[in-house]
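> One structure follows; several queries about it will come next.
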Amino acid sequence: MPAIHRPDFDAFRRESESDRVRGTKYRAHFMWPYVNQEDLLNTKALPLLLNSRGRHPPSHFAAADMDAMHLGLVSKAIVPIFLNCHVLILNGMTENTRDYGQLIAWEDHPDAFDWMHTQKQFLPGEGLLVMEAQARLLSFLVQCCQQLLHDIPESNLTSDSFPILPEPQIKPESEISGFESLGVMAAEAPYRVPAQIDLRRIESLLAARASAAEDHLWALREDPDYFARTLLEYKEHRQEMLKDLSGKGHPVLGFGRDNVLWARILGSVLSEAYLRLELFSELSSQARRLVAMQKMYADDISPSKDLPEAYLEALLRLRHYLTQAVKGPLSMLKIAGVASPPLRKFFARVPPPDPYTTKISVTSKPGAKMNKVETQLIWLLRNLWEDGYELFLLRMPLAVDELGRLLQSEKQAQELVSSYITEVIGDLSIFSQCLHQLTLYHPWARSFESELVDREDKLKQEFAERTQSWARILAALKAALPERDKSNKTVDLGKPTEGKFTYPIEKRRTKENVTALRRAESCLDAFWAAIDQIMVNKAGDLSGTAVRNLLSQPRILQRTREWIEPEKPQRASQDKAGGVDLYTLYQPVSSVYSGLSARALDILQPKTKVKTRGTSHPVGKPEALPQPDPVDRQPTFSVDARALKVFRAVFFNPATTSTPGEVAWNDFLHAMTSVGFTAMKLYGSVWQFRPTRLDVERNILFHEPHPQGKLPFKTARRYGRRLSRAYGWFGEMFVSNK
């Protein structure tokens, strides 16, 4: 038995293609990759395998067992025999198990050729491989049972003396560790009964990611510190930051050329923010329609029948959009991965042919040595970002699973991946999980490729038409941020230089700090006003786009009121006890798109003094706010001291709370689960939180801080703003249970 996890990966890397064609030495590695010592030594793996295979007929596992051999088949390590004009029946033999493995000639059954052509059943050679794999696996499991039950005579094991017991209840991961994990689910999948498609999971993942894309664009507009940090993070992942093979810097870093670099960075940040919002909103909408269609056609969906045409077309449409969408993070991984600070030591730029070219070529740095973990990480990342033949062999969901497993199990691998790259991997994991769910739609998933043949041109045309408005948005942004040495007003407004976005939000309110906050907010607002005006002029009508929908809504940005000196310092404690944020006013996300002025929106806010005095207090009763709305009665959460400390940090109010420190991620998990969320760890740094005991259905995604495991105050505050937007929460909703 192979010693390591995924022995087929190891064998694939050990042998060349010619070695495999001549005859692999690792046939068992490719046929039973899930039968290995490392995985089966996990205390749950063997009991799960015994339970699933012992209680269900082989037909339940035929498609999954075929799928497990994928790498061996496409790499030619396993070559099925060929028998023409026949089909082997394995799928769907749950009641008539005696016909399992029946060989049928095309001429003996009117549907036999169609079964073979659409892959609803198996080619004879492939079917024989499945039965060989199952026979050997079941023989192994019988031997395991005989050794485990060695004190019972073999002849008595299947007698009435030992009746079949009810299926045991195996504790889910959430009861063991306190949360679910996509990595654990992927690791256990080969040992369980094959999962069925879960369209609601696809819908929830995509809806939560679309919401996160909204929040990202909104935070870029509201929070000067977040805007500046995002720009600087993107800068550190630009290939211009790599030294060339001679150790020299990129020409664009030279004196007087910073406008070119910042134009590129601003263009990347804004393009990705706008495009991600459009993309995930479209995917979320498609998934929502699919869930409704699955319910509508429930009575017509049967393994013995074809899927309803409209439903099949919707599935293929989502699949097509997902395969197009995944090219984005794969491209980002290729560009930013090699330039990321932890991996930069392994790569170098090829010197450009002229200093003004936009093309950059990157190669492995000569003489750079890698240890085992580094080699494995770079191999997986390279297979993903090159998106070539080897990724076709491995398949993206499997490659992403393995990358997630490596990052989870090897601390050194975690340290080699920056927080930005973990976010890119997180997006890859979402696409990967959605595509994987579609492959679970047995028996129809095996026929998706053949069904696509007659529909592919139509889907491509539809995709091109649907994304025309996206292309106009990108073209407008490119026009707004020209890459030239000469100074440009919009680029100058957006550059995070000269301290223009310094934002001391964590400090106690003083005249100096309030002035700094207002200056940073004013600079950010000026930049976005310029972008919005150019977008209106250049992009044309954006009706129906997610960006237009977001920016035209009367959503609010928090802004700092002007300071005047306090009159009576002793009253500060009274206002602090009142729990009112005296330092905030509101304005629309985009006055250009919403048609609302800051003054008009501020009229709708609580009637406090227009200026923020150190000891000012509200006058009269507050009126209803558009968002968030404390007047809309929200529940009060009674939580323990640990959770209360977290919520006071994320809903920080300078009028009532002293500035908190960092928030440990485990404390944040505890706080969220204590108020009714279940937490699931996806891949990269992404966690999905699903409400279970709340009067809301919307899921939300948060990124685990990488690599230190603690949320800085500013990040915690931003998470609080997202919770406020999503659920209408505010700090006063959380009280101590003691």
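The values are calculated or read from the model by the stated rules, or taken from the named source; none is laboratory data. Source: prediction; values computed, not measured. Please note: Cβ atoms are built from the backbone with ideal geometry, for glycine as well, and neighbour counts cover all protein chains shown.
> V74 - would you say it is at negative phi and touching a strand residue (DSSP E or B) at 6+ places or on another chain (Cβ under 7 Å)? Walk me through it before giving the result.
On the way: at negative phi: yes; touching a strand residue (DSSP E or B) at 6+ places or on another chain (Cβ under 7 Å): no.
So V74 fails the test.
> Of everything in the stretch 459-498 that's of a type in the set (S, T, Y) and either over 29 Å from the mean Cα position of the chain (by Cα) or more than 22 Å from V547 (Cβ to Cβ) (or both), which residue is surrounded by the fewest Cβ atoms within 10 Å (Cβ to Cβ)?
Initially, the stretch 459-498 is screened for residues of a type in the set (S, T, Y), giving 467, 469, 487, 490, 497.
Next, only the ones that are either over 29 Å from the mean Cα position of the chain (by Cα) or more than 22 Å from V547 (Cβ to Cβ) (or both) stay: 487, 490, 497.
On the way: S487: 8, T490: 20, T497: 11.
Only one residue tops the list, namely S487.
> Run P351 past the list (1) part of a loop (DSSP other than H, G, I, E, B); (2) surrounded by fewer than 20 Cβ atoms within 10 Å (Cβ to Cβ); (3) out of contact with any strand residue (DSSP E or B) (no Cβ under 8 Å at 6 or more places or on another chain) and report the number of the one that doesn't hold.
Failing condition for P351: (3).
Okay, residues lined up against (1) in contact with an Asp or Glu (Cβ under 9 Å, 6 or more places away or on another chain); (2) surrounded by 13 or more Cβ atoms within 10 Å (Cβ to Cβ); (3) touching a residue at least 24 places away in the same chain (Cβ under 8 Å):
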| site | (1), (2), (3) |
| --- | --- |
| R264 | yes, yes, yes |
| M293 | no, yes, no |
| I301 | no, yes, no |
| L322 | no, yes, yes |
| P329 | yes, yes, yes |
| P342 | yes, yes, yes |
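> Please determine, by comparing only the residues of the stretch 101-145 that are in a helix (DSSP H, G or I) and more than 44 Å from the chain's Cα centre (by Cα), which one is nearest to P190 (Cα to Cα).
From the stretch 101-145, those in a helix (DSSP H, G or I) are 106-108, 112-117, 124-145; that's our starting set.
After this cut, where a residue has to be more than 44 Å from the chain's Cα centre (by Cα) as well, the list is 106-108.
On the way: W106: 33, E107: 36, D108: 35 Å.
Among them, the one singled out is W106.
> Which residue is surrounded by the most Cβ atoms within 10 Å (Cβ to Cβ), if the candidates are limited to the stretch 439-458 and must be charged (D, E, K, R) and outside any loop (DSSP other than H, G, I, E, B)? Can you show your working first?
Going residue by residue through the stretch 439-458, those that are charged (D, E, K, R) are 446, 449, 451, 454-458.
Next, from what is left, pick out any that are outside any loop (DSSP other than H, G, I, E, B): 446, 449, 451, 456-458.
Details: R446: 19, E449: 12, E451: 17, E456: 13, D457: 9, K458: 13.
Filtering first and then ranking leaves R446.
> Is one or more of the residues making up the stretch 64-81 among the hydrophobic types (A, V, I, L, M, F, W, C) and in contact with a Gly (Cβ under 6 Å, 6 or more places away or on another chain)? Talk me through it step by step, then tell me what you get.
Here is the first cut: in the stretch 64-81, the residues among the hydrophobic types (A, V, I, L, M, F, W, C) are 64, 66, 68-69, 71, 73-74, 77-79, 81.
Still in the running and in contact with a Gly (Cβ under 6 Å, 6 or more places away or on another chain): 78, 81.
So far as the stretch 64-81 goes, yes, one or more of its residues are among the hydrophobic types (A, V, I, L, M, F, W, C) and in contact with a Gly (Cβ under 6 Å, 6 or more places away or on another chain).
> Moving to a separate point now. Test K235 against the criterion of being out of contact with any strand residue (DSSP E or B) (no Cβ under 6 Å at 6 or more places or on another chain) and within 30 Å of P353 (Cα to Cα), and give yes or no.
Details: out of contact with any strand residue (DSSP E or B) (no Cβ under 6 Å at 6 or more places or on another chain): yes; within 30 Å of P353 (Cα to Cα): yes.
It is true that K235 is out of contact with any strand residue (DSSP E or B) (no Cβ under 6 Å at 6 or more places or on another chain) and within 30 Å of P353 (Cα to Cα).
> State all residues of the stretch 298-320 that are part of a helix (DSSP H, G or I) and among the hydrophobic types (A, V, I, L, M, F, W, C); if no residue qualifies, say none. Before you say what the answer is, go through the steps one by one.
Taking the stretch 298-320 as the starting set, the residues that turn out to be part of a helix (DSSP H, G or I) are 298-300, 309-320.
Passing the criteria: A298, A310, L312, A314, L315, L316, L318.
> Okay, next question. Y356 - would you say it is within 30 Å of N259 (Cα to Cα) and buried (at least 17 other Cβ atoms within 10 Å of the Cβ)?
No.
> Within the stretch 656-670, identify whether any single residue is in contact with a Pro (Cβ under 8 Å, 6 or more places away or on another chain), over 24 Å from E180 (Cα atoms) and at pLDDT 80 or above, and answer yes or no. Break it down stepwise before answering.
Here is the first cut: in the stretch 656-670, the residues in contact with a Pro (Cβ under 8 Å, 6 or more places away or on another chain) are 662, 665.
Applying the additional criterion that residues be over 24 Å from E180 (Cα atoms) yields 662.
This time we only want the ones that are at pLDDT 80 or above, so: 662.
Yes, the stretch 656-670 contains at least one residue that is in contact with a Pro (Cβ under 8 Å, 6 or more places away or on another chain), over 24 Å from E180 (Cα atoms) and at pLDDT 80 or above.
> Could you grab the pairs with beta carbons closer than 7 Å, sequence gap of 6+ or different chains, first residue in the stretch 445-458 and more than 11 Å from L312 (Cβ to Cβ) and not assigned by TED's automatic domain parsing to the domain that holds S302, second one β-branched (V, I, T) and modelled with pLDDT of 85 or more?
Close Cβ pairs (under 7 Å, with a partner that is β-branched (V, I, T) and modelled with pLDDT of 85 or more) do not exist here.
> Next question. Can you give me the number of residues within the stretch 81-129 that are touching a residue at least 60 places away in the same chain (Cβ under 8 Å) and of a type in the set (F, W, Y)?
Residues that pass the stated criteria total 1.
> Being of a type in the set (S, T, Y), over 28 Å from L205 (Cβ atoms) and over 29 Å from the mean Cα position of the chain (by Cα) narrows it down to one of S302, S246, so name that one. First the steps, then the outcome.
Working: S302 fails: over 28 Å from L205 (Cβ atoms).
One residue alone meets the criteria, S246.
> What are the pairs, 6+ residues apart or on separate chains, where a residue within the stretch 213-230 that is in contact (Cβ under 8 Å) with a residue 40 or more places away in the chain has its Cβ under 8 Å from a residue that is surrounded by fewer than 21 Cβ atoms within 10 Å (Cβ to Cβ) and of a type in the set (D, E)?
Cβ pairs passing all conditions: P224/E521.
> Here's something else I'd like to know. How many of the residues in the stretch 691-706 are in contact with a helix residue (DSSP H, G or I) (Cβ under 7 Å, 6 or more places away or on another chain) and assigned to a loop (DSSP other than H, G, I, E, B)?
The initial filter retains those residues of the stretch 691-706 that are in contact with a helix residue (DSSP H, G or I) (Cβ under 7 Å, 6 or more places away or on another chain), namely 696, 698-706.
Remaining after also requiring assigned to a loop (DSSP other than H, G, I, E, B): 696, 698-699, 704-706.
Count: 6.
> Does A475 meet the test of being of a type in the set (A, V, I, L, M, F, W, C), assigned by TED's automatic domain parsing to the domain that holds L275 and at negative phi? If you could, list the steps in order and put the result at the bottom.
Numbers: of a type in the set (A, V, I, L, M, F, W, C): yes; assigned by TED's automatic domain parsing to the domain that holds L275: yes; at negative phi: yes.
The answer is yes for A475.
> Any residue at all in the stretch 407-429 that is farther than 30 Å from T715 by Cα and part of a helix (DSSP H, G or I)?
Within the stretch 407-429, the subset farther than 30 Å from T715 by Cα is none.
No, the stretch 407-429 contains no residue that is farther than 30 Å from T715 by Cα and part of a helix (DSSP H, G or I).
> With over 25 Å from V417 (Cα atoms) and assigned by TED's automatic domain parsing to the domain that holds F463 as the only criterion, which of S304, S271, S361 stands out?
Details: S271 fails: over 25 Å from V417 (Cα atoms); S361 fails: over 25 Å from V417 (Cα atoms).
From the options S304, S271, S361, the qualifying one is S304.
> Can you tell me which residue is nearest to the chain's Cα centre (by Cα) among those in the stretch 256-297 that are part of a loop (DSSP other than H, G, I, E, B) and closer than 30 Å to T490 by Cα?
Going through the qualifying residues, I end up with R257.
Per-residue answers, yes or no, for (1) surrounded by fewer than 17 Cβ atoms within 10 Å (Cβ to Cβ); (2) in contact with a Phe, Trp or Tyr (Cβ under 8 Å, 6 or more places away or on another chain); (3) closer than 20 Å to D401 by Cα:
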residue: S16; (1), (2), (3): yes, no, no
residue: G23; (1), (2), (3): yes, no, no
residue: H29; (1), (2), (3): no, no, yes
residue: E38; (1), (2), (3): yes, no, yes
residue: L41; (1), (2), (3): yes, no, yes
residue: A45; (1), (2), (3): no, yes, yes
residue: N51; (1), (2), (3): yes, no, no
residue: H56; (1), (2), (3): yes, no, no
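> Going through the stretch 14-32 one residue at a time, which ones are in a loop (DSSP other than H, G, I, E, B) and of a type outside the set (V, I, T)? Steps first, please.
Step one: list which residues in the stretch 14-32 are in a loop (DSSP other than H, G, I, E, B), which gives 15-16, 24-26, 32.
If the condition is that a residue be in a loop (DSSP other than H, G, I, E, B) and of a type outside the set (V, I, T), then E15, S16, K25, Y26, W32 are the ones that fit.
> If the Cβ limit is 9 Å and pairs must be 6+ apart or interchain, which residue in the stretch 690-715 that is in contact (Cβ under 8 Å) with a residue 24 or more places away in the chain and more than 22 Å from G426 (Cα to Cα) pairs with which residue that is surrounded by 14 or more Cβ atoms within 10 Å (Cβ to Cβ) and of a type in the set (D, E)?
F713/E506; F713/E662
> Tally the residues that are of a type outside the set (A, V, I, L, M) and surrounded by 14 or more Cβ atoms within 10 Å (Cβ to Cβ), restricting the search to the stretch 77-108.
Quick first cut of the stretch 77-108, residues of a type outside the set (A, V, I, L, M) only: 80, 82, 84-86, 91-92, 94-102, 106-108.
Right, trim to surrounded by 14 or more Cβ atoms within 10 Å (Cβ to Cβ) and you get 80, 86, 91-92, 100-102, 106.
Number satisfying all stated conditions: 8.
> Residues in the stretch 723-735: is at least one in the same structural domain as A649 (by TED's automatic domain parsing) and closer than 30 Å to L406 by Cβ?
No, because not a single residue in the stretch 723-735 is in the same structural domain as A649 (by TED's automatic domain parsing) and closer than 30 Å to L406 by Cβ.
> Which of the residues belonging to the stretch 528-553 are outside any helix (DSSP H, G or I), modelled with pLDDT under 90 and within 28 Å of the chain's Cα centre (by Cα)? Quick ask: steps written out before the conclusion?
If we filter the stretch 528-553 for residues that are outside any helix (DSSP H, G or I), which is where we start, we get 540-545, 553.
Still in the running and modelled with pLDDT under 90: 540-544, 553.
Residues satisfying the conditions are L542, S543, G544, Q553.
> Just to verify a result, which residue in the stretch 306-320, among those that are among the aliphatic types (A, V, I, L, M) and touching a Phe, Trp or Tyr at 6+ places or on another chain (Cβ under 9 Å), is surrounded by the most Cβ atoms within 10 Å (Cβ to Cβ)? Spell out the reasoning first.
So the first thing to find is which residues in the stretch 306-320 are among the aliphatic types (A, V, I, L, M), and the list is 307, 310, 312, 314-316, 318.
Now drop any that are not touching a Phe, Trp or Tyr at 6+ places or on another chain (Cβ under 9 Å), which leaves 307, 310, 312, 315-316.
On the way: L307: 21, A310: 11, L312: 18, L315: 23, L316: 20.
Step by step, filter the stretch 306-320, then rank; the result is L315.
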